[in-house]
1. When you check Thr268 against the structure, is it closer than 24 Å to Gly368 by Cβ and surrounded by fewer than 24 Cβ atoms within 10 Å (Cβ to Cβ), yes or no?
2. Can you give me the number of residues within segment 86-98 that are assigned to a helix (DSSP H, G or I) and over 20 Å from the mean Cα position of the chain (by Cα)?
3. What residue, among those in segment 307-346 that are farther than 23 Å from Ile539 by Cβ and over 23 Å from the mean Cα position of the chain (by Cα), is surrounded by the most Cβ atoms within 10 Å (Cβ to Cβ)?
4. Can you pull out the helices (runs of 4 or more DSSP H) entirely within segment 1-85 that have at least 2 residues that are of a type in the set (S, T, N, Q), at pLDDT below 80 and closer than 22 Å to Ala403 by Cβ?
5. Take Lys358 and decide whether it is part of a helix (DSSP H, G or I), of a type in the set (D, E, K, R) and over 22 Å from the mean Cα position of the chain (by Cα).
6. Report yes if Pro303 is outside any helix (DSSP H, G or I) and not β-branched (Val, Ile, Thr), otherwise no.
7. Return a yes/no flag: does segment 4-14 have any residue that is closer than 24 Å to Thr209 by Cβ, assigned by TED's automatic domain parsing to the domain that holds Leu172 and in contact (Cβ under 8 Å) with a residue 40 or more places away in the chain.
8. Which of the helices (runs of 4 or more DSSP H) found entirely inside segment 402-501 contain at least 2 residues meeting this: surrounded by fewer than 20 Cβ atoms within 10 Å (Cβ to Cβ), modelled with pLDDT of 65 or more and within 41 Å of the chain's Cα centre (by Cα)?
Amino acid sequence: MKKKSVGITMAVFLLGIFMGAIDSGIVSPARDIIADGLKVSQNASVWVVTIYTLAYAVSMPLMGKLSDKYGRKKVYMVSITLFGLGSLLCGVSDYVNSYTFLLFSRVIEAIGGGGIMPIATAYIGTSFPVEKRGSALGMIGGVYGIATVVGPTLGSGILSIFGDKNWGFLFLVNVPISIIILLMATKLEENTSAQGIKKLDVCGSGVLTILILSLMYGATNLKFYEFANSIKSLDVWPYLLIFIISIPILVWVEKKAEDPVINLSYFTNKEIAITLILSFVVGCGLMATVFIPQFSENILRTPMGSGGYIVTIFAIFVGIAAPLGGKFIDKIGVKKVLLIGMSLVIIGNLYQGYVTTKHPGMVNLIIGLAIMGFGLGFSMGTPINYLMLSLVPDNEATVGQSAVSLIKSIGIAVSPNILINFISDAGRRVPEALQKVMPHVDGMSNIMSNSGGASNVANSMGNASVTNIFSLIKGMAQSQFAALGDKFANNPHMNIDMIEKSYMQSLDGAKDAIETAFQQTMNTGYTKLFLTCAIIALIGLILTAMLNNNLITMKNRRLEKKEKTN
């Protein structure tokens, strides 16, 4: 490949990977803002992330196989076009003011995004000579890591520039980048697979989609704080039943498929099965990061949308730990690295849940993020990929990696729907906590109870944050007094103006108490969330301990291959 062609190739694919990777992080700090703007609940807002992950997971293997059949250049350009179109529609949904339209647009965006990474990896891997292939593929990981770091920060920056009400620009920024990539991609040479193309597993992908969707919807509506009642809901048990029924159907379909989307034989091998379950565990644990922006905003009492800057700190720790973990694998083995990683994830989650929430502040927050970041850096990515490469034959390396990515994506898609329940439960208990600290002035309790003012204030908070809860309550109290003024205008025993003045003065004095009550109540939800993540990591730790102690290091594996060749 000529130097000019090399430059164009790397620019086209690395820019695409950067755009796709940055999109997942750019939304995190804006999830509450989007939910507030479109008037949806916390439970519903998490679908901005999960529906993208679901469509991405299903699209990834299909786009990869389509690229082998019709050409990687063509399908890559289609993927970029779909991603750009989806981003445009996501941005427009801000002005259409429709959450359903946003979710539909995210699906289109994800279908395109699912083709970017596998096609880029395959194109670069087959375009460069063997001696340069490692360095070229290594750049993909580097760009992906950088995008992960700057994504949340860029999201917060865009919100700061254009304002919270113009969150559509978070998506619109992808449109010009997509156009640039498409123009550059026209100069690429076509690149196709040399292997025979098997029939696409459309049925398997369809059943898998139904399986994941039913599990996600059922888990979303399952309230763990009132499990016995919610499990009986028509929004829960029918979908969980569909999920259970889909499992044997998927097994039956995949056994007959020429090229199954999931290789079922992997689950008959103990080590491979553990590796796949670990990838699911890592996917679940990774999604705790979705809640870090909102958690940090609550801990530090900063405005909605500013938490993305804190995620950058977390991502830096992950970025430092990931390459270190790769080096340690060669020295002490993958099992020990995973054990260290899972242990740190457990400690980090427990620290956030029981130390940072009880003693909120920047220092404790960063300590917790550092421990969690190093833990994830040691457990996600390289160790799991290395395990799979060590356990499957070389001619199944790509298939094995696809299985790991798919199972991890399922964990990423399902876990936010479960974890958001803890935040929703805490939000449900906020009104009661606020009533205990809100001031009571003579005659005020009767007026508020007669008009429903206090309950309306509490129940109309929507997606309130620790920084706007006081102004929201104050504004609604003023509106209530304005309405009561007409109602009691002719009542000589009720001086509304005097009561309002007295109450508003008392309310100003209770500002800190109100914000603290909101913060502490929401922190109880985060405590349960981080405890759950710690338990998930504990399961990963136990599974890792069950791995064969004789798993060889990458260095020994290379030596063994070299000896066999000689």
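1. no
2. 7
3. Per the criteria, the residue is Gly326.
4. 47-70
5. Considered against the rule, which asks whether it is part of a helix (DSSP H, G or I), of a type in the set (D, E, K, R) and over 22 Å from the mean Cα position of the chain (by Cα), Lys358 comes out as no.
6. yes
7. Scanning segment 4-14, I find no residue that is closer than 24 Å to Thr209 by Cβ, assigned by TED's automatic domain parsing to the domain that holds Leu172 and in contact (Cβ under 8 Å) with a residue 40 or more places away in the chain, so the answer is no.
8. 469-487
The values are calculated or read from the model by the stated rules, or taken from the named source; none is laboratory data. Bear in mind that the values here come from a model prediction, so they are computed numbers and not experimental data. Using ideal geometry, Cβ is built from the backbone for each residue, glycine included, and neighbour counts are taken over all protein chains shown.
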